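Input: a single structure, listed below in C-alpha cells.
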Amino acid sequence: MTTRPLEDLQTRSVLRRREILDAALACFTDKGVAASALEDMCRGAGASVSSVYHLFGNKAGVAAALYLDSLAAFQAYVCRPLKPTLGAKDGVLAFVAAHIQWADKNKARASYLQAARHIGSVAAHAEDIRALNRAFFESIAGWARPHIASAQLRALPADLFMAQLLGPTHEYVRGRLAGR
C-alpha cells in the first residue's frame, strides 16, 4: 500500500495555501485589507472561493494566516545566523543584518507585519503570535546565554534585552519601508 496520493494531496494543499497567501499579500498591499475582496484574492491565486473557505475560513482567516506566516518566516530568517560558535558582537551584527536583509527582500511582507498588527482578525490570534514570539525569544536566549555567562553580553531582563536587540533595527526598517 502506498501513501503517494495522500502526499500529493498534502503537497497540493500546501501549494494552494501559498498561492492564496501570496495573492492576498498582493491585494492587501495594493488595496489594503479592508478594501480587498475575497474574489480578488481568488482571482490572483487562480483559486475558488470554496478553497479559501476550506483553508482559511474567511478573509479574516487569510489575513491572520498571512500575518502568522510572515512572522514565522521573519523570525526563522533572523535567527538563522545565530550559531553557537558565533561570538556576541558578531552574533548581534549578524542578527541586525539579517533583520534588514529580510525586510529588503520581503518589502511587502515586512510592511504587512508593520501594518497588520492592530487589525482585529490578526489581534484575535494573539495566543498564536505569543507562541511564535516565545519560541523566537527562546531561540535568541539560547544563543545569548553563553555570552551572558562569559560577560560578553550584559545580563538583562529578557524583555529589555529583546527591546535593545530588536528595537533600533525595527525602527530603522520601519523608516526604510516608509521611504525615509
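Applying 1/(1 + (r/R0)^6) with R0 = 41 Å to the Cβ-Cβ distance of residue 100 and residue 48 gives a FRET efficiency near 0.60. Accessible-area rank, largest first, for 140, 129: 129, 140, with all protein chains present and a 1.4 angstrom probe.
Spatially, the range 73-89 and the range 126-140 are offset by 15 Å when compared through their Cα centroids. Per residue, the accessible area of the range 127-180 comes to 65 Å², computed with a 1.4 Å probe over protein heavy atoms only. Note on the chain: helix-only mean residue ellipticity at 222 nm, from DSSP H runs of 4+ residues weighted -39500 (n - 2.57) and normalised by residue number, equals -26000 deg cm²/dmol. Modelled label positions at residue 15 and residue 115, each set 7 Å beyond Cα in the direction of Cβ, lie 3.0 nm from each other. Compared with the alpha-carbon gap, the fully stretched path from residue 86 to residue 69 is longer by 3.4 nm at 0.36 nm per residue. Only protein atoms count toward the accessible area here, which uses a 1.4 Å probe; on the chain, the carbon and sulfur part of that area reaches 60 percent.
Kirkwood radius, the range 106-170, all distinct C-alpha pairs, inverse of mean reciprocal distance: 13.7 Å. In this view, the solvent-accessible surface of residue 11, computed with a 1.4 Å probe and all protein chains in place, comes to about 80 Å². Quick test of the membrane-span-like rule: which DSSP H helices of the chain reach at least 15 Å along their long axis (C-alpha atoms) with mean Kyte hydropathy at least 0.0? Those that pass (Cα extent of 15 Å or more, hydropathy at least 0.0) are 59-79, 88-105, 158-177. Applying 1/(1 + (r/R0)^6) with r as the Cβ-Cβ distance of residue 164 and residue 31 and R0 = 41 angstrom yields a FRET efficiency of 0.65.
Extending 7 Å from the Cα toward the beta-carbon at both residue 174 and residue 156 defines two label points whose distance is 1.7 nm.
The values are calculated or read from the model by the stated rules, or taken from the named source; none is laboratory data. Remember, it's a predicted structure, so these values are computed and weren't measured experimentally. Glycine gets a Cβ as well: all are built from the backbone with ideal geometry, and neighbour counts include every protein chain shown. When the accessible area is computed, the model is the full protein with side chains, heavy atoms only, and any ligands, DNA or RNA have been set aside. Shrake-Rupley method; radii C 1.70, N 1.55, O 1.52, S 1.80 Å.
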